[in-house]
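Asker: Mind looking over this structure? Questions follow.
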């Protein structure tokens, strides 16, 4: 996350429905110029859906995908011993 | 897909295991300078895993993520009537 980034403009994708995150993204983009969508593991596909539905259906011709970054993170493993590595994605939507 | 792209350097992610696609990516990158990983819908998370595992474990310090693009495609819907929209991802790995 870049220094000085507005925490309020970040969405972390979890287990809620895709549309609920789309509505958060639309709300953020009505106030801010950018919205940063972050996800890990299996939620990565949902993050891409959230970005694409926001861009194509709700704010069509108003926002673009500014940047997409993939990476990996070390997390404590489920059984509490050692760590596991999960893939991550960070998608930035930006007002035109 | 950019014009003139080598078809042999493209991997389309389907239902096989993550590791089987990683091995294809490693094989491609032993012959070519780039490898293009493409996926749709739920396979998007797997595409990111394939890119990250290839980059971090199998070809560590040899390849970088050159580009990540997200988009949408219209496909015939499952019941044969009309179309559905699915998200897509395209990840390019490149030798350092």
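What follows is calculated from the coordinates using simple rules that are stated; it is not laboratory data. From a predicted model like this one, the values you see are computed outputs, not experimental measurements. Glycine also receives a Cβ, built like all others from the backbone with ideal geometry; neighbour counts cover every protein chain displayed.
Asker: Would you order A:90, B:8 from fewest to most other beta-carbon atoms within 10 Å of each residue's own beta-carbon?
Answerer: So the ranking, lowest neighbour count to highest, is B:8, A:90.
Asker: Would you calculate the separation in nanometres between label points at residue B:64 and residue B:15, each defined as 7 Å from the Cα along the Cα-to-beta-carbon direction?
Answerer: Simple spin-label model gives 3.8 nm for this pair.
Asker: Using only atoms on other chains, find how many Cβ atoms lie within 10 Å of each Cβ of peptide A:38-48 and report the average.
Answerer: Shielding by partners across A:38-48 averages 5.
Asker: Divide by every residue of chain B the summed helix terms, -39500 (n - 2.57) for each DSSP H run of at least 4, and state the resulting mean residue ellipticity at 222 nm, rounded to the nearest 500 deg cm²/dmol.
Answerer: Per the formula, -8000 deg cm²/dmol.
Asker: Ok, one more. If you take the Cα Rg of region B:7-95 and divide it by 2.2 N^0.38 Å, with N the number of residues, what do you get? Write out the running numbers ahead of the final one.
Answerer: Values: Rg = 13.9 Å, N = 89, 2.2 N^0.38 = 12.1 Å.
Its radius of gyration relative to the 2.2 N^0.38 Å reference: 1.15.
Asker: 7 Å along Cα→Cβ for the label point: how many nanometres lie between residue A:19 and each equivalent label in the other copies, listed shortest first?
Answerer: 4.1
Asker: Using the reciprocal of the averaged 1/r over all distinct C-alpha pairs, how large is the Kirkwood radius of the protein assembly as shown in Å?
Answerer: Kirkwood radius, the protein assembly as shown: 17.6 Å.
Asker: Could you give the nm distance between label points at residue A:57 and residue B:85, where each point is 7 Å from its Cα heading toward the beta carbon?
Answerer: 0.7
Asker: Averaged across the residues of A:8-21, what count of C-beta atoms belonging to other chains lies within 10 Å of each residue's C-beta?
Answerer: 0
Asker: Counting only other chains, and only Cβ atoms inside 10 Å, what mean value do you get across the residues of A:87-93?
Answerer: Taking the mean over all residues of the peptide, I get 3.
Asker: Let me ask you something else. Give the nm distances, rounded to one decimal, from residue B:71 to the matching residue in every other copy, measuring between label points 7 Å along Cα toward the beta carbon; shortest first.
Answerer: Reported distances to equivalent positions: 2.7 nm.
Asker: Shifting gears a bit: Sort the following peptides by mean Cβ neighbour count (other Cβ atoms within 10 Å, averaged over residues), highest first: B:62-71, B:38-47, A:56-65. Walk me through the intermediate numbers first.
Answerer: Details: B:62-71: 16.1, B:38-47: 21.7, A:56-65: 14.6.
Listed from highest to lowest mean packing, they are B:38-47, B:62-71, A:56-65.
Asker: Going 7 Å from Cα along the Cα-Cβ axis for the label, what nanometre distances separate residue A:95 from the same residue across the other copies?
Answerer: 4.6
Asker: Still on this structure, I have one more. Enter the angle in degrees (range 0 to 90, nearest 10) between the Cα long axis of helix B:44-53 and the first principal axis of the Cα atoms of chain B, meaning the one along which they spread out most.
Answerer: Taking Cα atoms only, the helix is inclined about 0 degrees.
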